[in-house]
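*Asks:* This is the structure I have questions about; it appears just below.
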Amino acid sequence: MTSPAAATADFLDQRTGLGAAVKEFARKVFPDHWSFLLGEIALYSFVTLLISGTFLTMFFVPSMTEVTYSGPWASLQGTRMSEAFASTLRLSFEVRGGLLMRQVHHWAALIFMASIITHMMRVFFTGAFRKPRELNWVVGFTLLILGLAAGFSGYSLPDDVLSGNGLRISDGVLRAVPIIGSYGSYFLFGGEFPGEALIPRLFTVHILLVPGLILALVGLHLFMVVLAKHTQYPGSGRTDRNVVGFPLFPIYVAKAGGFFFIVFGVIALMAATMQINPVWNYGPYDPSPVSAGSQPDWYMLFLDGALRLMPGGVEVVIANFTVPLNVLIPAMVVPGILFTALAAYPFIEAYATGDKREHHVLDRPRNRPFRTAFGVSLLVAFFVLVLAGSNDLIATHFHLSINDITWVLRFALFIAPAAAFMVTKRMCLALQRRDREIVLHGHEHGTIVRFESGEYIEVHQPLNEHERWIRVQHEPIRPLQVAPAEDSRGVRRKGYAADLRRARLSRLFYADRVEPVTPAELAASHSHGTHDELPPAPSGQELVAGGRRSLVADDRAPGDGH
Amino acid sequence: MNWLAAHRHDRRAPLLLLLTALLLTGGVYALLVPAPAVAASTASSAEVDSGMKLFTANCATCHGTGATGTAAAPSLVGVGAAAVDFQVGTGRMPAQMSGPQVEAKPVQFDQDQIAALAAYVASLGPGPSIPTGDQVDPAQGDPATGMALFRTNCAQCHNAVGAGGSLSQGKFAPSLWQTTPTHLYEAMLTGPQSMPVFNQATLTSQEKRDIIAFVSEQGGTQPGGLSLGSIGPVSEGLWAWVVGLGLLLGAAVWIGAKSS
Ligand code: HEM
């Protein structure tokens, strides 16, 4: 007798051959590191969004037909509002569990976007986007954009004053596009803003189009992860040709499954205790009122910030067409730069590095000073814009003048990323130098030994093999060299100018560098010591767990500069 | 009738008609619009006297003797008892100028002294008087009308539920959650500092009472849990990062640490 479960499995296996695939999948090895769970937070909060969103669709009415409110919320009694807003109030006050679900959905949306960004940061700073994973970076980037679209379309659905303000701004941005702007706006809103068509349209976008695309791309994203195998952090025994970790089944599945409940639990806890988007406070949308403290959700705040920083009145009139640069620059050029830089970075770096090999071992951020500094400066620019978007709240909470804040942030938008770039790069180089120092001379130990001759020396403790491996495993990357302009027969080479440009870019990336200690250097640093017990320099693969520890005195004369 | 018929075409007729019409509308307006509250008549002269003494001791350095104003502070002739009750009753006056706007601080006078000061200033010239308990009673107002009025008249400075907001150059509109109904009414009536005056023509006394009914319901417990200051999506985003992502990263580090 086979159990019913086994029988079903057998039935499926015989017809689909699924068994082999499942077995293959279950044996996939997954390396362990907390930062590999960031993407999972995004995945699980998305699942939470699907579940709570499906609940909301059962009660939400995507319609702009006007109704008069007669529900339990006293402050809105007899107020005229759209059915979308009225049904959001019904969800909040009359549907059992409705408010909780709304809050689960909205908190999950904020956490979804936050986890996408932290996940991207992990991938960026560790260089996990290098070949063969550039395409998956692009898929992930598209997911980020789709997440923004999902959030924005959802935020606009309840038709309250805040969401209407957001739509009003988008309408303004659209109209700012020369020539086609106003047609675009009429097309989008089905006539003059706000019209009657928008909420039903946004509803389709929000519950069908965008989640469908996200679901498909998440599938593709995970498939590509499995295909390319997982990356791993550097460590002894980990190379570009293997993956060290646990098999997916059962250990990893148990861990990941448990983690889903943690993510869901944290979101539910927040939804049960912290209010989010109290639309009944804002009231139904009406184009005239704008209340103090009107902001979008945090992931859109940088756009609002860019608009707030831009000095007004920068407009050019070309042949009867007004080109409102005061809107176009903050709403299109600034995000355009941020997003293009983000999407294209893997390709730019590969071009500057001239490296066509596959990489499966992650970089330590300090070992790629340019990349790390670049990423930090993008984040700083984003953060400055977020602060600018919150300028009024900063003003009231810290008793500052909003005008001063705006002026400071205008300069900060240019100065802070540049300063962050330089500081981060310096820090990376300094950390690398420190790594060299430790590899060559061991840990400082704080023990001073006095010889009979009266000489003092500090005793250093050498690294164990793991510690040393982490600090020396990476390859130095040097700027690309350009072949001469003329070949051996003195004929001018085609593509020389392009090569020059590429070399210039490459120098920007890699001119400042600290190279890892080579085995020869390591050997040299210890060969002149008589009481040296160090094993020979490690050569990667043969390393085994557990290093020998021994105390060795650094025999260099004191004061010879370290 | 005959006289009318005969003079109907007189070229002075339109002028006369216009005059009559103007007089009529003026008369009806005067009848319908409640007379601007003029105080001082109720105050005893003893109260006015003690008010004058207090004023000379505490206020005259800035507002001048006789409250006619100096370079440092405006004249108070005609600002009315309501302005004094609001300014002194919320602790704004006597002013301590240091920031971009005179701020509320602990009240320095007791109720009788405030009344005396108000009576004195009201005796200098007619101005809005202190509203009666009925006029500011939240129970007699309609919070739904109040919310609609608040959204169009006040929310742009004071935030949707009166949590407060920022103005230019470090000025700000304060939170209204601790403000008494009387001070709410007086603020609308007198328009302190950067705030506009909402006189009878912009907000009737019934409408003011509706607004008071709405505001006095705010700032308490809200449906759905902690209100996070009721200042909107920025604080929500901050909490999503700090609490949500904080907990989840903690969990991830914990799971990661449980292995290798
Ligand atoms: C893909 C990720 C998604 C994000 C980032 C997202 C985000 C949002 C946000 C921020 C709101 C405003 C909620 C409020 O405060 O009331 C919202 C509303 C809504 N969402 Fe989503 N959502 C997502 C997916 C979904 C899905 C998959 C569904 C349905 C299958 C859905 C259905 C709804 C509905 C019906 C509303 C209106 C509910 C209301 O106004 O109370 N969402 N969404």
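*Asks:* Please average, across the residues of B:141-152, the number of beta carbons from any other chain that are within 10 Å of each residue's own beta carbon, and give a whole number.
*Replies:* If you average over the peptide's residues, the count of other-chain Cβ atoms is 5.
*Asks:* Something else about it: Quick one: if you stick a label point 7 Å off each Cα along the C-beta vector at A:Tyr456 and A:Val47, how many nm between them?
*Replies:* The answer from the label model is 6.1 nm.
*Asks:* Let me ask another. I'd like to know how the stretch A:164-242 sits against the 2.2 N^0.38 Å rule of thumb: what's its Cα Rg over that expected value?
*Replies:* 1.89
*Asks:* A further question follows. Taking each residue of B:167-180 in turn, how many C-beta atoms of other protein chains fall within 10 Å of its C-beta, and what is the average?
*Replies:* What the average comes to for B:167-180 is 3.
*Asks:* Say R0 is 60 Å: what FRET efficiency, to the nearest 0.05, do A:Ala511 and A:Thr68 get from their beta-carbon distance?
*Replies:* It comes to 0.30.
*Asks:* Moving on to the next point. Do you know the relative contact order of the stretch B:34-171, to the nearest whole percent, from alpha carbon pairs under 8 angstrom that are 6+ apart?
*Replies:* 30 percent
*Asks:* Give the calculated FRET efficiency between A:Arg489 and A:Val323 to the nearest 0.05, with a Förster radius of 60 Å applied to their Cβ-Cβ distance.
*Replies:* Using R0 = 60 Å, I get an efficiency of 0.65.
*Asks:* What accessible area, in Å² to the nearest ten, does a 1.4 Å probe give for A:Val210?
*Replies:* In the full protein context, A:Val210 sits at about 10 Å².
*Asks:* Another one. At 1.4 Å probe size, with every protein chain present, just tell me what the per residue accessible area of chain A comes to in Å².
*Replies:* 49 Å²
*Asks:* Give me the one-decimal nm value for the distance between modelled label points at B:Val107 and A:His359, 7 Å along each residue's Cα-to-Cβ direction.
*Replies:* Between B:Val107 and A:His359, the label points sit 6.9 nm apart.
*Asks:* Right, another one. Give the average, rounded to an integer, of partner chain Cβ atoms located within 10 angstrom of each Cβ in A:260-268.
*Replies:* Per-residue shielding by partner chains comes out at 3.
*Asks:* Let me ask you something else. Interface A/B, total buried accessible area with a 1.4 Å probe, nearest 100 Å²?
*Replies:* In total, this chain pair buries about 4500 Å².
*Asks:* With the solvent-accessible surface defined on protein heavy atoms using a 1.4 Å probe, which residues belonging to the stretch A:366-396 display a reduction of at least 30 Å² in accessible area in the multichain context relative to the isolated chain?
*Replies:* A:Leu393, A:Thr396
*Asks:* Can you tell me the orientation of helix A:83-93 relative to chain A, as the angle in degrees between its alpha-carbon axis and the longest Cα principal axis, to the nearest 10?
*Replies:* 70 degrees
*Asks:* Could you give me the radius of gyration and the Dmax of the stretch B:35-130, taking only the C-alpha atoms into account and expressing both in angstrom?
*Replies:* 12.4, 39
*Asks:* Also: Using a 1.4 angstrom probe and counting only protein chains, how large is the accessible area of B:Ser75 in Å², to 10?
*Replies:* So the heavy atoms of B:Ser75 present about 50 Å² to solvent.
*Asks:* Could you check how much of the accessible area of the stretch B:35-130 is carbon and sulfur, as a whole percent, using a 1.4 Å probe?
*Replies:* 59 percent
*Asks:* What whole-number value in cubic angstrom gives the convex hull volume per residue for the C-alpha atoms of the stretch A:200-330?
*Replies:* 287 Å³
*Asks:* OK, next. Using heavy-atom solvent-accessible surface (probe 1.4 Å) with all chains present, what is the largest-first order of A:Lys229, B:Lys171?
*Replies:* The most accessible residue leads, giving A:Lys229, B:Lys171.
*Asks:* While we're on this one: If contacts are Cα pairs under 8 angstrom and at least 6 residues apart, what is the relative contact order of chain A in percent?
*Replies:* Averaging sequence separation for qualifying contacts and normalising by length gives 16 percent for chain A.
*Asks:* I've got another one for you. Taking 37 °C and 0.692 mPa s as the conditions, I'd like the Stokes-Einstein D for the protein assembly as shown in µm²/s, using the Kirkwood hydrodynamic radius from alpha carbon pairs.
*Replies:* 100 µm²/s
*Asks:* Could you provide, to the nearest whole Å², the per residue accessible area of the stretch B:107-260 with probe 1.4 Å?
*Replies:* Here the per-residue accessible area is 42 Å².
*Asks:* Another question about this same structure. Debye sum, Cα scatterers, the stretch A:1-118, no solvent: what log₁₀ I/I(0) at q = 0.11, 0.14, 0.22, 0.23 1/Å?
*Replies:* The computed values of log10 I(q)/I(0) come out as -0.66, -0.80, -1.11, -1.15.
*Asks:* Here is a further query. For a Förster distance of 35 Å, can you work out the FRET efficiency between the beta-carbons of B:Ala95 and B:Leu238, rounded to the nearest 0.05?
*Replies:* Working from the Cβ atoms, E equals 0.50.
*Asks:* Going by accessible area, probe 1.4 Å, with all protein chains left in place, what is the ranking of A:Met422, A:Met113, largest first?
*Replies:* A:Met422, A:Met113
*Asks:* In the stretch B:137-243, carbon and sulfur make up what percent of the accessible area (probe 1.4 Å)?
*Replies:* 59 percent
*Asks:* If A:Lys356, A:Lys494 are ordered by their accessible area, calculated over protein heavy atoms with a 1.4 Å probe, which sequence runs from highest to lowest?
*Replies:* Solvent-accessible surface, decreasing: A:Lys494, A:Lys356.
*Asks:* Mean residue ellipticity at 222 nm from the helices of chain A, using -39,500 (n - 2.57) per DSSP H segment of n ≥ 4 over the full residue count, to the nearest 500 deg cm²/dmol?
*Replies:* Computed mean residue ellipticity for chain A: -18500 deg cm²/dmol.
*Asks:* Would you tell me the accessible area of A:Ile415, worked out with a 1.4 angstrom probe on the heavy atoms of the protein chains, in Å² to the nearest 10?
*Replies:* 100 Å²
*Asks:* Further question: Starting from the Cα gyration tensor of the stretch A:368-407, multiply each eigenvalue by 5, take the square root, and state the resulting semi-axes largest first in whole Å.
*Replies:* Rounded to whole Å, the semi-axes are 28, 8, 7.
The values are calculated or read from the model by the stated rules, or taken from the named source; none is laboratory data. As the structure is a prediction and not an experimental result, all values here were calculated from the model. We place every Cβ from the backbone using ideal geometry, glycine too, and count neighbours over all the protein chains shown. Areas reflect the complete protein model, heavy atoms only, side chains present, ligands, DNA and RNA absent. Shrake-Rupley method; radii C 1.70, N 1.55, O 1.52, S 1.80 Å.
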